[in-house]
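Data block below; observations after.
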Amino acid sequence: MFTRLVVSVGFATFLAACSATLPKAELATHEDSSRNIPQIDNMIVSLKKSYISQCYAPILDKNPPENQCQTELFQMLERRYHMNYSQKNIDQASNELFFRDVDARLRKMVRTDPEVRRAVREGTFRNADDMLSYYREKYAFVSTN
């Protein structure tokens, strides 16, 4: 009886350790202070928090899609992995879909926000693609398990 209890507790601990955890949406640190543009960081963190709660989490929990974002993510995963997708697959697909939206917002910010435009013009980033690449690396979806 005691052995059964120990095995049950061990198995429960193993499952808890293997369970999926949501990615974090936190401000990134910038080694180069010229790349520290708070408007962009705040916009990306805000979008990522929304994306995690509205798109990522329901698909991770294997809930049926209820909105456009969930449907896009689910369909991408289903096409690539059928129903055998893992959290790492969700991270990869989320990076594609999320940063497509970030790209559109960054390009708009470059056109409309003088401080962002100045950062690009002063050589902080060579162009909008360079900027997207930098922020994609800083704010990528990466599972911790």
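Structure notes:
- The calculated FRET efficiency for the pair Arg80 and Glu137, based on their C-beta separation and a Förster distance of 30 Å, comes to about 0.85.
- Using a simple spin-label model with pseudo-atoms 7 Å out from Cα toward Cβ, Thr21 and Arg105 lie 2.4 nm apart.
- Each principal axis of segment 67-135 carries a Cα extent, and these read 47, 22, 14 Å when sorted largest first.
- Hydrodynamic radius of the chain by the Kirkwood approach over all distinct alpha-carbon pairs: 17.2 Å.
- Length-normalised contact order for segment 38-145 - Cα pairs under 8 Å, 6+ apart - percent: 24 percent
- Helical segments meeting 18 Å axial Cα length and Kyte-Doolittle -0.5 threshold in the chain (DSSP H): 2-18, 38-51
Bear in mind that the values in this text are calculations on the coordinates, not laboratory data. Computed from a predicted model, the values in this text were never measured in an experiment. Cβ: placed from backbone, ideal geometry, glycine included. Neighbour counts: every protein chain shown.
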